[in-house]
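Peer 1: Input: one structure, supplied below.
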Amino acid sequence: MHRGELLYTIRDILCNAGFYVSHVHSMRPVGFDLVARRDNTLLIIKVLTNINALSEEVAQELKTLSSLLHGNPLLIGIRSGAGILEDDVVYDRFGIQTVTSDTLQSHLLEGMPLKVYAGPGGFYVNLNNKKLVTLRREKQISLGSFARSVHVSRRTVRLYEDGMNARVDVACRIEDLLGEPLIKDIEIIHGKTLSHNREADATSSSPSIVPPFQKEIFTFLSSLGYEIIPMGRCPFEAVSVEREKILLTCVHRYDKKLQKKAEIVSSISKITEQKAVVFTDKKGTQDHIQGTPLIVREELKKINCPEDIIDLILERIGS
């Protein structure tokens, strides 16, 4: 399956699972391909045939964006450098959970729980260590007897009881011995939001060369009190943060590409439920493009505080 086919397959799966999904876009460079929301769950998704193509730099920006928007990053792929990815297994690429399209489909549409993840040397599961301790003591099984029954050392049993994860085969023997399920589900949809280190974000996401017009806009927004977190591989150039207010910030000269760019940003804005804005260099015939307001450089220079930008955005979209 080609990447384009895979991308539309993922979009169909998400739509069938009740998610609102952004349009597929082909703008380059690309840090993510889709954003999808269902109720309070926001997914920011990258789709690749070979997951090894995701660099650490792109992964960091994906995690940064997910953290800022209170979403979860997810990578969908077919293979890695080691071969074809197994279904019903969660992989990891630079801290981003990774699954196949079939895994996503069975999890979202059929309610199939995910329990197995790929780690060094094989497949592993998360054990409910507190339940493990309770059951072993209730059944009066000594550490030595327990270790012999599941074919591990006494020290390894202690590590399991302290919270260490187990290989799949060992976990199955433990469940057979104790007679109750102990393997915990892996959550890829409602996972914990990554902690947000803005200082690290600014360092890792900043492009090496910032075009003069973009730099001018960022400088002015900073003077108004916005924290600018550049995005080198997004349809928008930055996420601007002022207290709890977040703006998907696009900076682009008024040309033929602006219409398409604003349409893409508008789609993302609606799904993420965050305001978006395009700062441009001259006034055209429109105040907004599909709900994404356009603010001209000269208008921006007349603004005195962050609230004035929000007021102008709301005025442009008629809210």
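Any read-out appearing in this document is the output of simple, stated calculations on the displayed coordinates, not a laboratory observation. Here the structure is a predicted model, which means the values were calculated and not measured. Cβ placement follows ideal geometry from the backbone for every residue including glycine, while neighbour counts extend to all protein chains displayed.
Peer 1: Taking amide H positions as placed 1.01 Å from N in the peptide plane, with prolines and chain starts having none, which residues 5 or more places from Ile186, or on another chain, fall under 5 Å of its amide H?
Peer 2: Here the answer is Leu114, Lys115, since their amide H atoms fall under 5 Å of that of Ile186.
Peer 1: If you don't mind, there's one more thing I want to ask. Mind sorting His107, His2, His23 by how few other Cβ atoms lie within 10 Å of their own Cβ, fewest first?
Peer 2: On the way: His107 20, His2 7, His23 13.
Starting with the residue having the fewest Cβ neighbours, the order is His2, His23, His107.
Peer 1: While we're on this one: With r defined as the distance between the Cβ atoms of Glu187 and Asn16 and R0 fixed at 22 Å, what FRET efficiency is calculated, to the nearest 0.05? Mind showing how you got there, number by number?
Peer 2: Working: r = 20 Å, r/R0 = 0.92.
Once the sixth-power term is evaluated, E becomes 0.60.
Peer 1: What FRET efficiency comes out for the pair Val133/Val168, r = Cβ-Cβ distance, R0 = 25 Å, nearest 0.05? Walk me through the intermediate numbers first.
Peer 2: Details: r = 21 Å, r/R0 = 0.83.
Calculated transfer efficiency: 0.75.
Peer 1: Only counting other Cβ atoms within 10 Å, I'd like Thr98, Thr103 sorted with the fewest neighbours first. Intermediate results must be reported in sequence, preceding the final value.
Peer 2: Numbers: Thr98 25, Thr103 21.
Least crowded to most crowded, the residues run Thr103, Thr98.
Peer 1: Still on this structure, please answer the following. On a straight-distance basis, which aspartates and glutamates could pair with Lys139 in a cross-link, Cα separation under 14 angstrom, same-chain partners fewer than 8 positions away excluded?
Peer 2: Glu175, Asp176, Glu180
Peer 1: While we're on this one: Could you work out [θ]222 nm for the chain from helices alone, using -39500 (n - 2.57) per DSSP H run of at least four and dividing by all its residues? Round to the nearest 500 deg cm²/dmol.
Peer 2: -12000 deg cm²/dmol
Peer 1: From Cα pairs below 8 angstrom and at least 6 apart in sequence, can you work out the relative contact order of the chain, rounded to a whole percent?
Peer 2: Working: 533 pairs, mean separation 45.0, N = 319.
Across the chain, relative contact order equals 14 percent.
Peer 1: Could you please state, rounded to a whole Å, how far the C-alpha centre of segment 62-96 is from the C-alpha centre of segment 99-153?
Peer 2: Cα centroid to Cα centroid, the span is 21 Å.
Peer 1: I've got another one for you. So if R0 is 30 Å, what FRET efficiency would Lys256 and Asn40 give, r being the distance between their Cβ atoms, rounded to the nearest 0.05? List each step's numbers first, then the result.
Peer 2: Details: r = 38 Å, r/R0 = 1.26.
Efficiency for this residue pair is about 0.20.
Peer 1: Let me ask something else about it. Please report the antiparallel percentage of the DSSP beta bridges confined to segment 206-317, to the nearest 5. Intermediate results must be reported in sequence, preceding the final value.
Peer 2: Numbers: 11 of 19 bridges.
Just about 60 percent of them are antiparallel.
Peer 1: Mind sorting Leu34, Leu69, Leu314 by how few other Cβ atoms lie within 10 Å of their own Cβ, fewest first? Please report the intermediate quantities before stating the final value.
Peer 2: Values: Leu34 24, Leu69 20, Leu314 12.
Going from least to most buried by this count: Leu314, Leu69, Leu34.
Peer 1: Compute the distance in nm between two label points, each set 7 Å from the Cα along the Cα-to-Cβ direction, one at Ser222 and one at Val24.
Peer 2: Between Ser222 and Val24, the simple spin-label model gives 3.9 nm.
Peer 1: Set the bar at 20 Å for Cα to Cα. Now go through Lys256/Lys282; Lys63/Lys260; Lys261/Lys282; Lys46/Lys215; Lys256/Lys302; Lys245/Lys283 and name every pair that lies beyond it. Please list the in-between numbers first.
Peer 2: Numbers: Lys256/Lys282 13 Å; Lys63/Lys260 25 Å; Lys261/Lys282 16 Å; Lys46/Lys215 28 Å; Lys256/Lys302 26 Å; Lys245/Lys283 26 Å.
Listed pairs above 20 Å: Lys63/Lys260; Lys46/Lys215; Lys256/Lys302; Lys245/Lys283.
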